[in-house]
Amino acid sequence: MAVSVVMPALEMAQESGKLVSWLKEEGERVRKGEMLLEVETDKAVVEVEAAADGILAGVTAKPGDVVQVGRTIAWLVQPGESPPATVQTEVATGRRTDTSVSSAPAALASPVISPARGARISPKARRLAQEKGVDITRLNGSGPGGEILADDVLAAGRSDVGAGFSRPAAFAPEPFTTISRLMAERTTESWTTVPHFFVTREVDAGALNAAREQLLPSVERSHGVKVTHTDLLVAVVARALAKHPRLNASWDAQGIVLHKDVNIALAMAVENAVVTAVIPQAERAAIGDITVRRRELAARAQAGRLQPSDIAGATFTISNLGMFEVDAFTAIIVPPQAAILAVGAITDRVVPVNGQPAVRPMLSMTLSCDHRVVDGVRAAEFMRDLANAIKSPQL
């Protein structure tokens, strides 16, 4: 029985979605749980799994189309089965069109295989090949079973033009990836439409360092992971936000929305871009659970396999560049959130302690606020309480 592939709703109040790419060719066999397509949201590009086994057929949406949520854009059929004769889809023009679908069973029963010798190709490698103009039919895969990996595509892109691959001129601009273009659009929109202001605090991180050393062995035994300063900051910040609801809020045209849960988004670097992934209900989460979740999110982000639940529902964002030895910086707010916290490195500095100079591990934090939601006093009070919590963490 044919199973419809519909444009999914990945966020609340979402009415339409933009199809970025198909990760399978029409006529190719698909297994339930395999990544089938990529959809663009306001926060990231998300890979969507196939809901059933079958052969991809009756595709009516192409990359770049903006399709109404719930509309059928393809079918998963069984060998010898035809998709429905017509499929309705709605794209960015707002017009509904009926698209006739070929019903030749013989064509559907033979999967279309793009790489040479029937080798599989990873979704990331397929995307890179499209972006860099690499002919995947000429590649030899280095992965298990000859699967073509991203490194194979990158290596091919560096080879000579005579081998059948195009090489951009030295002065040619680097093309945007989908995620980098999306990030550029969102940050520009935020910076030009949200009235930012900034509050900075320096705090002694000696107690935070001690807490990490104390928690390292127990969390590693119970969860098999190592606690990082980012994990501790997620917990401390979330608990502070629970006492300052205006910082855990969102701007809406109808008013200010105060959120019940504290869902912390972490800014994570991926190839040529930054994405944010969410640790839900962080104010109630144990350190071990935060550490496991953060590690899983980072792995999926690097692999380009973030799921809709990984990016949804954020109420506040932390951007930590301390591991890159950055002393301090300011971050751009992720709308509709009210604020974002930029965290620098913990560095030894000479500071006054009880009237005497002493070397202490100091941490610099900068809070970026949406002035429509948060005023200066509220921001200062939050930073005061956060600094006190770092100096005496209750974890």
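Observations
- What the Cβ-Cβ distance of GLN130 and TRP191 gives, at R0 = 30 Å and to the nearest 0.05, is a FRET efficiency of 0.50.
- Per-residue Karplus couplings for segment 375-389, computed as 6.51 cos²θ - 1.76 cosθ + 1.60 with θ equal to phi - 60°, are listed in order as 9, x, 5, 4, 5, 5, 5, 4, 5, 4, 5, 5, 4, 5, 5 Hz, Gly and Pro entered as x.
- Amide H contacts of LEU37: LEU23, VAL48, each under 5 Å away and 5 or more positions distant or on a separate chain (H built 1.01 Å from N in the peptide plane; Pro and chain starts excluded).
- Our note on the geometry: Cα centres of segment 30-75 and segment 172-242, 31 Å apart.
- Note on GLN394 and VAL274: with the Förster distance fixed at 45 Å, the Cβ-Cβ geometry gives a FRET efficiency of about 0.90.
- Segment 278-380: GluC sites (Glu not before Pro) falling in loop per DSSP and having at most 13 other Cβ within 10 Å: GLU325
- Under the simplified labelling scheme, the ARG384-GLN307 pair shows an inter-label distance of 4.3 nm, with each label point 7 Å from Cα along Cα→Cβ.
- Reciprocal of mean inverse Cα separation for segment 301-370 (Kirkwood radius, Å): 14.4 Å
- Euclidean distance between Cα centres, segment 248-290 to segment 338-368, Å: 24 Å
- The distance between label points at PHE329 and GLN281 comes to 3.3 nm (points 7 Å beyond Cα on the Cα→Cβ vector).
- Taking a ≥ b ≥ c as the square roots of the Cα gyration tensor eigenvalues, segment 237-344 comes out rounded, since a/c falls below 1.5.
- A cut-off of 5 Å between modelled amide H atoms, ignoring neighbours fewer than 5 places along the same chain, links ILE121 with ILE148.
- Theoretical FRET efficiency, 1/(1+(r/R0)^6), r = Cβ-Cβ of SER218 and VAL359, R0 30 Å, to 0.05: 0.55
- 27 Å Cα-Cα threshold exceeded, pairs from LYS62/LYS260; LYS62/LYS132; LYS18/LYS260; LYS32/LYS62; LYS18/LYS124; LYS32/LYS226: LYS62/LYS260; LYS18/LYS260; LYS32/LYS226
- Peptides 16-26, 335-345 ranked from most to least packed, by the mean per-residue count of other Cβ atoms within 10 Å: 335-345, 16-26.
- Extension gain, ARG201 back to VAL3 (0.36 nm per residue minus Cα-Cα distance, nm): 65.8 nm
- Amide proton proximity set for PHE316, modelled H, under 5 Å, gap of 5+: ASN263, ALA265
- Highest-first arrangement of 315-322, 28-35, where packing means the average Cβ count within 10 Å: 315-322, 28-35
Read-outs throughout are calculated quantities, based only on the coordinates presented, and are distinct from any laboratory measurement. Only a predicted model underlies this, so the values are computations on that prediction, with no experimental measurement involved. We place every Cβ from the backbone using ideal geometry, glycine too, and count neighbours over all the protein chains shown.
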